[in-house]
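I have placed the structure first, in the form of structure tokens, so that the comments after it can refer back to it.
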């Protein structure tokens, strides 16, 4: 079953087996991740790249995150120890801003400490701040 998974889209059970199954191999994980990435299922692909330890795949996600303005993918990479530069965060924020995704732009600009970007976002969504639960 695992041999054929890289050539088709995975359902939840197949994805779980590929991630955590005893017979799962990094080469299978990377092949499936490449298919998921190509199909736009980037977060799922990133999970597999991380599990397989595929730096090339992680770098592809990182590049796409900055080009498309998807800070959540950069956050996922940062949580596993990848260093994301302020320039990458700003580029991510700019891409999100161009796409009209103000909250994602805000998130990236905050991390980048990009004051000019934050000013532009606040023009679109005045007073917006990321909610942080008390005690966090």
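Please treat every number below as a calculation from the coordinates, not as lab data. This one's a predicted model, so the numbers in the text were calculated from it and none came from an experiment. Neighbour counts are summed over all protein chains in view; Cβ atoms, including those assigned to glycine, are modelled from backbone coordinates with ideal geometry.
P(r) tail for the chain, what percent of Cα pairs lie past 21 Å? The partial results should precede the final answer.
Numbers: 4417 of 9180 pairs.
In whole percent, the share of Cα-Cα pairs in the chain beyond 21 Å is 48.
Can you give the calculated 222 nm mean residue ellipticity of the chain, where each DSSP H run of n ≥ 4 adds -39,500 (n - 2.57) and the sum is split over every residue, rounded to the nearest 500 deg cm²/dmol? Result for the chain, helices only: -20500 deg cm²/dmol.
Tell me, 121, 80, 111 in order of fewest to most beta-carbon neighbours within 10 Å? Each step should come with its number before you reach the end.
Numbers: 121 24, 80 9, 111 19.
Ordered by Cβ neighbours within 10 Å, fewest first: 80, 111, 121.
How would you rank 56, 68, going from fewest to most other Cβ atoms within 10 Å of each one's own Cβ?
Details: 56 9, 68 16.
With the sparsest Cβ surroundings first, the list reads 56, 68.
For 58, 9, which order do you get if you count the other beta carbons within 10 Å of each Cβ and list the fewest first?
So the residues, fewest neighbours to most, are 9, 58.
Entry note, the range 62-129: relative contact order of 29 percent, from Cα contacts under 8 Å with a spacing of 6+ residues. Pairwise inverse Cα distances across the range 42-114, averaged and inverted, put the Kirkwood hydrodynamic radius at 11.9 Å.
Each of residue 125 and residue 16 was given a label point 7 Å from its Cα along the Cα-to-Cβ line. The distance between the two points is 3.3 nm.
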